[in-house]
RNA sequence: AUACUCACUG
């Protein structure tokens, strides 16, 4: 089963849902009974595509048919699906339903909802989630903190986010690359590019390796601030060090250069990148 | 290391 599940997961992740279905049929034929993990994989891939009704069909039909109960992970995926659709009322209903059926919400459940409420600027609801977590004895994890940091940057202030980071460290959680990238983005969007760059220095100093998202954040920030030439320089410097950019690293630079009236530079950049093969797409 | 949640872009 584990082998099949892994294969199914791989197919789903590469968009081969048809093949995944075939594999599911095959395992049944070979008398290998799919388990809750198998179905949760299917539920989750539908939910990630916001096809929540398909996900529900898996639960209500396929799983019910062979008497497999959804578990916390299954429900978490469903909640995530509703959150992606902005249907937070329905997400909350799933939360109630899972409790009713004996699946205890876990930290992931709450992180998912917390993130969604912040996105909708439902601060009241977000606070409620945090309260519920502590009532139920669920310990916030690094994802919880990262979600809160982003939320605070968004609805409160960078200062509030920094305070939270202090207190998370008191609880034994070290800021990770996501924490830093969140802050970097917030600094960039607030126009504090200098601070963003010094934060980058700070993360290097504590031994965190910036990744593609980190650099994309900075590149986008620079371009937004009409410093596309600096962004280009950064891009080329990183490429020379073997960094693998994505389309999100490259596109804003070309657009930014054009917008700033550097059409020739944009063209040159484009050509250079193609020639050097320094482009992942 | 069989499945769920957080950062850039959309």
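The values are calculated or read from the model by the stated rules, or taken from the named source; none is laboratory data. What you see is a predicted model; the values in this text were computed from it and never measured. Ideal geometry is used to build each Cβ from the backbone, glycine not excepted, and the neighbour counts take in all protein chains shown.
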Cβ pairs under 6 Å, 6+ apart, first in the range A:114-129 and under 13 Å from residue A:80 (Cα atoms), second at pLDDT below 95 | none
Only listed residue being more than 12 Å from RNA strand B (Cβ to nearest atom) and over 27 Å from residue A:105 (Cβ atoms), chosen from A:211, A:220, A:229, A:131 | A:229
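Residue by residue, here is whether (1) within 23 Å of the chain's Cα centre (by Cα); (2) buried (at least 17 other Cβ atoms within 10 Å of the Cβ); (3) more than 8 Å from RNA strand B (Cβ to nearest atom); (4) in a helix (DSSP H, G or I) holds:
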| position | (1), (2), (3), (4) |
| --- | --- |
| A:63 | no, yes, yes, yes |
| A:70 | no, yes, yes, no |
| A:80 | yes, yes, no, yes |
| A:86 | yes, no, yes, no |
| A:98 | no, yes, yes, yes |
| A:112 | yes, yes, no, yes |
| A:115 | yes, yes, no, yes |
Hey, can you tell me all the residues within the range A:100-110 that are more than 12 Å from RNA strand B (Cβ to nearest atom) and either assigned to a helix (DSSP H, G or I) or without any contact (Cβ under 8 Å) to a residue 24 or more places away in the chain (or both)?
-> A:100, A:102
Could you give every pair whose Cβ atoms fall below 9 Å, whose first residue belongs to the range A:189-208 and is more than 19 Å from residue A:150 (Cα to Cα) and assigned to a helix (DSSP H, G or I), and whose second residue is more than 14 Å from RNA strand B (Cβ to nearest atom) and at pLDDT below 95, counting only separations of at least 6 or pairs across chains?
-> none
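Residues are listed down the side, and each one gets a yes or a no for (1) closer than 25 Å to residue A:189 by Cβ; (2) surrounded by fewer than 16 Cβ atoms within 10 Å (Cβ to Cβ):
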| site | (1), (2) |
| --- | --- |
| A:119 | yes, no |
| A:127 | yes, yes |
| A:135 | no, yes |
| A:143 | yes, no |
| A:146 | yes, no |
| A:165 | yes, no |
Provide a single number: the residues in the range A:165-181 that are within 13 Å of RNA strand B (Cβ to nearest atom) and part of a helix (DSSP H, G or I).
-> 7
Could you count how many residues in the range A:234-263 are touching a helix residue (DSSP H, G or I) at 6+ places or on another chain (Cβ under 9 Å) and part of a helix (DSSP H, G or I)?
-> 17
Here are A:240, A:266: which of them is over 23 Å from residue A:226 (Cβ atoms) and more than 26 Å from the chain's Cα centre (by Cα)?
-> A:240
